[in-house]
Amino acid sequence: MMKQLHAMKIFLFAVVMALAVSGTAMAGSQDFTLVNGTGQTIREIYLSPTKSSEWIYQDELGKNVLRPGQEIFLYFSPRDNVQYWDVKVVYENGNEDYWMGLDLYRIYSLTIRPGGASSIEMI
């Protein structure tokens, strides 16, 4: 009886740990590094699920700017269980560029260039 109880405790512990690990793996799985390869200073960054009509994450730089060659790590809420995202940047001169339909479950580093995404590093 004691061996069965001990085995049951070990089994339950393994199940709980497996669930915890799988939940952690999904948390922030869209997080990625954005590298400014545009040659211009970026003053604002916006992110939105591709199917959304509004920018969910607005002005991710706050009072900072992202100069050419600099990078920023962008974090997502674990609740954002969306695979495809759009990115919008606003440059110091007010011009904007967009990158649409980015699979953020597969991208961990994205170097943006004017007019489209390039230098995408995949997991």
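Bear in mind these aren't lab numbers, they're just calculated from the coordinates by the rules spelled out. The shown structure was predicted, so the numbers you read here are calculated from the model rather than taken from an experiment. As a convention, Cβ positions derive from the backbone with ideal geometry for all residues, glycine included, and neighbour counts pool all protein chains shown.
Scan the stretch 40-63 for residues that are on the phi < 0 side of the Ramachandran plot and either surrounded by fewer than 13 Cβ atoms within 10 Å (Cβ to Cβ) or not in a loop (DSSP other than H, G, I, E, B) (or both) and the total you get is 15. If you go through the stretch 64-97 and pick out every residue that is outside any loop (DSSP other than H, G, I, E, B) and among the β-branched types (Val, Ile, Thr), you end up with 4.
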